[in-house]
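Below is one structure, written out as structure tokens; the observations come after it.
The values are calculated or read from the model by the stated rules, or taken from the named source; none is laboratory data. What you see is a predicted model; the values in this text were computed from it and never measured. When we count neighbours, we look across all protein chains shown, and the Cβ atoms used for this are built from the backbone with ideal geometry, even at glycine.
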Amino acid sequence: MLRQGHAVRFTSTSFSWNFSFGGRGVGTLRCKLAALKPSALDRKRRQYAEKSAKPHYSRGLSANVWEDVSIKVTKARGNTGSGISENDFREWMKVSLDLSATPPERCIDTELGTLILDSRFAGHTYLKGLRINGYGNEYILGYNLLQGEIDRDRKSLGTEREESRLVGGIWDKVIISGNDEAIDAYLKLFRDHKECTDLKLTKTNLTQPAVQVLWSRIRAVAPETFFCIEADSPDAQHETTVSWCCMISCK
């Protein structure tokens, strides 16, 4: 498989996995499995057994085709190929949560995805662990979405509405769960970042139970404070309730 001047080879379970586009449609991704010859596989097993039997043996970063999954990226043949610098490789690693040198802390999981409170991942959006360019380019917090479809260049989800539904759903479930740290983080967004994308994409997606949890938390942390609604919406009772999250305190 060739991608941006690089050749990519996958090996696993004693097979080479060769990907290419073609078939019935130009945009169809095909995978052809080629089994390693038995004689070659036996030779590799014997070589590994001999090496591993030696004192102080260290396997290092070598992969065994019969038990490991390996991905090898090299310069493609011909003039169109390009080499890989260490900086490029380290940048690639940043797109995956699993490959991060220091995985995110303070994560809250839901069936729709994960809310990432770790400031090192602020503003990052991921789809199933791989970073994408979300529609929200002004996110304050991080999100790892577990649903959604995307193109092969991993630019963004199909629609902004889909991203809004997922991010809003994550917040709704996290708030209802009663996680005080997450609830305080959400209220802090209203206090310090009223125009952030986190709020724009979620405040109309919160359910009544989530809003009630927010209101209860507000009253618990500031029992002696008088609150008033900053802006009331005549359209629906739910919208008016959600607007409570935009309250200002008057003493």
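A few notes on this one:
- Residue match in region 54-62 (condition: closer than 29 Å to HIS6 by Cα and surrounded by 10 or more Cβ atoms within 10 Å (Cβ to Cβ)): yes
- Condition check for ARG9 on (1) modelled with pLDDT of 90 or more; (2) in contact with a Ser or Thr (Cβ under 8 Å, 6 or more places away or on another chain): one failure, at (1).
- Hey, ASP109 under 30 Å from LYS188 (Cβ atoms), surrounded by fewer than 10 Cβ atoms within 10 Å (Cβ to Cβ), within 27 Å of the chain's Cα centre (by Cα) and of a type in the set (D, E, K, R) or not: no
- Counting the residues of region 127-143 that are within 15 Å of THR197 (Cβ to Cβ) and surrounded by 15 or more Cβ atoms within 10 Å (Cβ to Cβ) gives 9.
- Test: residue in region 144-152 that is at pLDDT 85 or above and either part of a helix (DSSP H, G or I) or in contact with a Cys (Cβ under 9 Å, 6 or more places away or on another chain) (or both): yes
- Per-region count, region 74-117, residues in a strand (DSSP E or B), farther than 19 Å from ARG9 by Cα and touching a residue at least 40 places away in the same chain (Cβ under 8 Å): 4
- Breaking point among (1) part of a loop (DSSP other than H, G, I, E, B); (2) surrounded by fewer than 14 Cβ atoms within 10 Å (Cβ to Cβ), for ARG120: (1)
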